[in-house]
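I have placed the structure first, in the form of structure tokens, so that the comments after it can refer back to it.
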Amino acid sequence: MTTDTIGRFERSLAALEVTSEVVPASAASERIGTAVDDPAVGTALPFEGASLPDAVTAEPTPAELENAATGVTPASFAVAEHGTVAIASSERGDEPVSLYPDRHVAVVAGSDVVADLGDGFDRLLEGFSDGRESVVFATGRSATADMGGLVHGVHGPGEGHVVVLEDR
């Protein structure tokens, strides 16, 4: 990962109308708090020094998930070339928390932003070797044109924001 890789990731996200910011882990909770719409749910962040803000309900019930406006999850890695975040399925519920609410906030370590899809496949193979069973790749807002004109947010979040942690 280089600074240019993160810059490329930010540009790819902007082209997809996904907002992003690069912050130190110590500021992550505050920045996530400003990025969420209430009510918000989330899953634990595995990054040293970064945590969910108090306003985000961790380990949500199905009812809390259904009523949530924002879901916050960690991303296992991100692909700069395409502005993609990889959300691993977990017992914590990362997958539904990333897909069900109207807004998704993904948190990824800067060191986990890879340059291109080839590097992403390397990360994917590592995860499967370590026992991971499935991953959701999110590239931009959910969009479909199944019924005519392009509509966002039908099959997943209509808005996205990515917080990149710089000091890992």
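Packing around the peptides 37-46, 65-74, taken as the average count of other Cβ atoms within 10 Å per residue, puts them in this order, highest first: 65-74, 37-46. Out of every Cα-Cα pair that the chain contains, those further apart than 21 angstrom amount to 43 percent. The calculated FRET efficiency for the pair Asp37 and Leu125, based on their C-beta separation and a Förster distance of 41 Å, comes to about 0.70. For Glu64 and Thr19, the FRET efficiency from 1/(1 + (r/R0)^6), where r spans their Cβ atoms and R0 equals 22 Å, is about 0.35. Heavy-atom accessible area with a 1.4 Å probe sorts Asp119, Asp102, Asp54, largest first, into Asp54, Asp102, Asp119. Using C-alpha pairs below 8 Å separated by at least 6 residues, the relative contact order for the chain is 29 percent. Estimated translational diffusion coefficient (Stokes-Einstein, Kirkwood radius over Cα pairs, 10 °C, 1.306 mPa s) of segment 29-101: 127 µm² per second. Could you list the residues of segment 1-37 with an amide nitrogen less than 15 Å from a label point located 7 Å from the Cα of Ala143 in the Cα-to-C-beta direction? Hits in segment 1-37 for Ala143 at 15 Å: 12-19.
Helices meeting the span-like rule in the chain (full DSSP H runs, Cα extent of at least 15 Å along the helix axis, mean Kyte-Doolittle score of -0.5 or higher): 3-15, 117-129. A Förster radius of 25 Å combined with the Cβ-Cβ distance from Ser134 to Ala44 puts the calculated FRET efficiency at roughly 0.85. Straightening the chain between Ala115 and Ala55 buys 18.3 nm, computed as 0.36 nm per residue apart minus the Cα-Cα spacing.
Divide the volume of the convex hull around the Cα atoms of segment 81-132 by the residue count and you get 90 Å³ per residue.
The values are calculated or read from the model by the stated rules, or taken from the named source; none is laboratory data. None of these values were measured; they are calculated from a predicted model. Cβ sites come from the backbone with ideal geometry, for glycine too, and all protein chains shown count toward neighbours. The protein model used for the area step is the full one, side chains on, heavy atoms only, and it has no ligands, DNA or RNA in it. Shrake-Rupley method; radii C 1.70, N 1.55, O 1.52, S 1.80 Å.
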